[in-house]
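Before any comments, here is the structure.
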Amino acid sequence: MPAFDNDETALILYLKAFQARKRMAFDQSIQYYAMALDSFNGRLWPQLEGIIKLNYAQSLTIASSYYDGYLSAKEAHDLFVKHGNYVRALMCYNNLANYLLCLQSFSAARTCSEKALLSMGSFTGDSLYYRHAVTTMLIILTLEGSFEQAIQFAKDHPVDWSDGFVGNLILIPYCYYRLGQKECCLKEMEKFDPDLLESDDKALFALLKAILRENSAKIEAAKQKMLRICCRQKNWLMLMVLYQLLIDYYKSVNDLELLVDAYEGNNKVLRHQLPLSI
């Protein structure tokens, strides 16, 4: 007789995968999640499969494929619906919105994000999920170029960040910059406590400030720093924001050589390839 039931083994492997992902050992986490799914049989905990697949999706999206991540999250959603766990099914929408955004499916991403906002603001009553849903919508609106709408959305959906939560609210200064409102961009950046910002947030602000000061040397230094940080994190969505900014900037100063480089880097990111080897 085995020491553990199949589902118990699956749970142990799932926990190992989760810990590996926290260490940013994404390839190892993918292996553990796959092993957990192979072990699972559903006799003890039928919904464990959905929990594994939802978390598996994050590692797949980060380290392997946007589409594979989306499929795993979609399968998790469908499993929760099958088992009548509509709360967990609704909570999948925010994940699905992020993966669809990685695939540049803006309309579908917005639809999922809207469902997440409706459910998490009322049905689940979970403020953390609601805040993540709000910031997901912000990056969707930003990447599709709806900068004015993103700013208004943030005003209409205020988020309590007294506990240090910042999320994609750091995109608001960038949105003001894209609208040509440079003073508003600077003022919005000043509202953020530097101690609450992540390294990629600080890098984005440094790049924006260098661009506003028209300092070419600092712009390139800040760009390279943000590239290194985002590539090390495998932060695909922030890489998309970075290249959106760079393409706009290099167009504005008519720097064709760097504009071509930015387009090439952006195309790599869209194909799930890092623009820098880290």
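The values are calculated or read from the model by the stated rules, or taken from the named source; none is laboratory data. Keep in mind that this is a model prediction, so the values were computed, not measured. Note that each Cβ is placed from the backbone with ideal geometry, even for glycine, and that neighbours are counted across all protein chains shown. Just the protein is used for accessible areas: all its heavy atoms, side chains included, with ligands, DNA and RNA removed. Shrake-Rupley method; radii C 1.70, N 1.55, O 1.52, S 1.80 Å.
Note on segment 220-278: among residues that are aliphatic (A, V, I, L, M) and assigned to a loop (DSSP other than H, G, I, E, B), the one that is farthest from L60 (Cα to Cα) is V253.
Restricting the search to helices (runs of 4 or more DSSP H) fully inside segment 129-204 and requiring at least 2 residues that are of a type outside the set (D, E, K, R) and closer than 26 Å to A108 by Cβ gives 147-156, 171-178.
Note on segment 158-184: among residues that are open to solvent by less than 20 Å² (accessible area, probe 1.4 Å) and hydrophobic (A, V, I, L, M, F, W, C), the one that is farthest from I140 (Cα to Cα) is V166.
Starting from segment 28-54, keep only residues that are among the basic types (K, R) and open to solvent by 60 Å² or more (accessible area, probe 1.4 Å), then list their pairs with residues that are at pLDDT below 95 and not in a loop (DSSP other than H, G, I, E, B) whose Cβ atoms are within a distance under 9 Å, requiring at least 6 positions of separation or different chains. Within 9 Å, the pairs are R43/N6; R43/D7.
Please specify each residue of segment 78-92 satisfying the condition of being buried (at least 22 other Cβ atoms within 10 Å of the Cβ) and at pLDDT 95 or above. Within segment 78-92, L79, F80 meet the criteria. Considering segment 205-217, and only residues there that are in a helix (DSSP H, G or I) and without any contact (Cβ under 8 Å) to a residue 12 or more places away in the chain, the residue that is surrounded by the most Cβ atoms within 10 Å (Cβ to Cβ) turns out to be S216.
Please go through segment 7-27 and give me each residue that is within 26 Å of A63 (Cβ to Cβ), part of a helix (DSSP H, G or I), open to solvent by 50 Å² or more (accessible area, probe 1.4 Å) and not basic (K, R), ordered by number. Scanning segment 7-27 gives L11, I12, L15, F18, Q19, D27. D126 meets the conditions (1) at pLDDT 95 or above; (2) under 28 Å from A20 (Cα atoms) in every case but one. The failed one is (1). Those residues that are closer than 21 Å to R232 by Cβ and either of a type outside the set (S, T, N, Q) or touching a strand residue (DSSP E or B) at 6+ places or on another chain (Cβ under 8 Å) (or both), I need them from segment 18-36; list them, please. Correct list: F18, A20, R21, K22, R23, M24, A25, F26, D27, I30. Within segment 218-233, one or more residues are within 21 Å of Y67 (Cα to Cα), surrounded by 15 or more Cβ atoms within 10 Å (Cβ to Cβ) and modelled with pLDDT under 95.
Within segment 239-269, can you find the residues that are among the hydrophobic types (A, V, I, L, M, F, W, C) and open to solvent by less than 10 Å² (accessible area, probe 1.4 Å)? L239, M240, V241, L242, L245, L246, A262, V269, listed by residue number. Looking at the structure I just gave you, is G167 in contact with a helix residue (DSSP H, G or I) (Cβ under 7 Å, 6 or more places away or on another chain), at pLDDT below 95 and on the phi > 0 side of the Ramachandran plot? Considered against the rule, which asks whether it is in contact with a helix residue (DSSP H, G or I) (Cβ under 7 Å, 6 or more places away or on another chain), at pLDDT below 95 and on the phi > 0 side of the Ramachandran plot, G167 comes out as yes.
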